[in-house]
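Since every read-out is calculated from the coordinates, none of them should be taken as a lab result. Worth saying up front: this structure is predicted, and the values here are computed from it rather than measured. Neighbour counts run over all protein chains shown; Cβ positions are idealised from the backbone, glycine included.
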Amino acid sequence: MTAKQVFFSGRVQGVGFRYATKRLAAGFEVTGWVRNLNDGRVEMQAMSRDAAELDAFLEELRENSEVSSYIKEVEIRPITPLEGISGFSILKE
């Protein structure tokens with residue numbers, strides 16, 4: 001199991017970024033969540049049994065025209081796999 005914490009900065013709040021991320025996640029075998037942060041960034045934690053699948057999802061986020069134009073910077077960190085998570089959800093701030 002591979003898990004990553006990702007911080008997106010740019011104009012990523014108030015533009016449907018979290019909802020688009022959730023829609024894109026449905027096309028991949030990933031679980032996790034996405035939420036807005038008080039500092040204007042968006043945080044996502046995602047995991048997959050297949051590291052290549054998780055990487056493909058992250059690449060889609062960087063390249064998909066629905067969200068890529070809003071992203072200025074992406075910071076990715078490996079994390080311990082999430083427990084008790086099924087599906088992909090949007091968390092409230």
* Which condition number does Ala52 fail, the rest of (1) touching an Asp or Glu at 6+ places or on another chain (Cβ under 7 Å); (2) loosely packed, with under 12 Cβ neighbours inside 10 Å being met? -> (1)
* Name every residue in the range 31-61 that is touching a residue at least 40 places away in the same chain (Cβ under 8 Å), assigned to a loop (DSSP other than H, G, I, E, B) and within 19 Å of Ile79 (Cβ to Cβ), in order of residue number. => Leu37, Arg49, Asp50
* To do: May I ask you to list the residues in the range 68-93 that are closer than 18 Å to Ala20 by Cβ and within 11 Å of the chain's Cα centre (by Cα)?
  => Val74, Phe88, Ser89, Ile90
* Filter result (closer than 10 Å to Phe88 by Cα, of a type in the set (D, E, K, R) and within 10 Å of the chain's Cα centre (by Cα)) within the range 19-37 -> Lys22
* Looking at (1) out of contact with any strand residue (DSSP E or B) (no Cβ under 6 Å at 6 or more places or on another chain); (2) in a helix (DSSP H, G or I), find the lone condition where Phe28 falls short. => (2)
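Could you grab me the full set of residues in the range 1-17 that are hydrophobic (A, V, I, L, M, F, W, C), in a strand (DSSP E or B) and over 19 Å from Ser86 (Cβ atoms)?
The answer is Val6, Phe7, Phe8.
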